[in-house]
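Below is one structure, written out as structure tokens, with a few remarks after it.
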Amino acid sequence: MSKRYYWLKLKEDFFEQRVIKKLRKIAGGDTYTIIYLKLQLLAMKNDGKLVFENVEDDFASEMALELDEDVENVKVTLMYLEKNNLIETISNEEYFLPEVLAVTGSETASAIRVREHREKKKALQCNNNVITKKQDVIEVKQECSVEKEKEKDITTNINNLENIIESDEKKVVINSNGALQQEIKMLLGVRKIKPYDIIKLNKPIERIKFVIEFCDKHNKADGYLYKALKDDWELKEVQQEEKPCYFTKPKEAYKELV
């Protein structure tokens, strides 16, 4: 199996978000921001999930060990993230960072090699086509321009065809599941997820209804709802007293948050 490389795409307005501005303004805020980014890097290879493997006594201590960060700083960071819905509890062993899915990029090693080979081949062709005469240079540039236009037209046609196919598929699904679409739309309410995206997961309506009601009850984000349906997460009611206490004895700096 070809090795896959991952990277985190930092949004242009990441530091302009109010929740990040507030985090950075508290004492030690820049350290907490770095910890949050390192947690995202840790979760991006696992669909946004962080797993507690019981190597340490609690989740915060284990994350501090993994990130090479101070335990107290990690505890304060986790408290802030939970307070602002930037981390969600799936179970006592799994936690979910809802923002990670939208900012994760990946590419296989073979795809990288193919792309680099094409770039080298293209550069070699350009070097071989260097001509001293002005007229010949103009002709080469014109040929390159024509080829680029052809490639652009081909790409446009392919994209148009894909859009037509996708549109036709959507029409088939919508026409054959009109009643189901309306029911899911009513269940979703004001959520931004499209009923068609839920239908494509091909889950029983009873499961869809249960997951939506669970997420509404526990104030779960759209990303959590979609992943819970797609990956068939086992959703359980988590009793408050059974929730792992990884936020004990936070630093005095966190008092500024409350």
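Just so it is clear, none of the values below were taken in a lab; they were calculated from the coordinates. Every value quoted in this text rests on a predicted model; they were computed, and no experiment measured them. Quick reminder, even Gly has a Cβ in these numbers, built from the backbone with ideal geometry, and neighbours come from all protein chains shown.
Counting other beta carbons within 10 Å of each Cβ, put Asp153, Asp68 in order, fewest first.
Ascending number of Cβ neighbours within 10 Å: Asp68, Asp153.
Taking neighbour Cβ counts within 10 Å as the exposure measure, how do Thr33, Thr156 sort from fewest upward? Don't skip to the answer; put the middle values down first.
Details: Thr33 18, Thr156 10.
The most exposed by this proxy come first: Thr156, Thr33.
Past the 27 Å Cα-Cα mark, which pairs from Lys3/Lys203; Lys45/Lys200; Lys49/Lys200; Lys150/Lys200; Lys49/Lys203; Lys22/Lys230?
Numbers: Lys3/Lys203 31 Å; Lys45/Lys200 24 Å; Lys49/Lys200 23 Å; Lys150/Lys200 35 Å; Lys49/Lys203 22 Å; Lys22/Lys230 33 Å.
Those over the limit are Lys3/Lys203; Lys150/Lys200; Lys22/Lys230.
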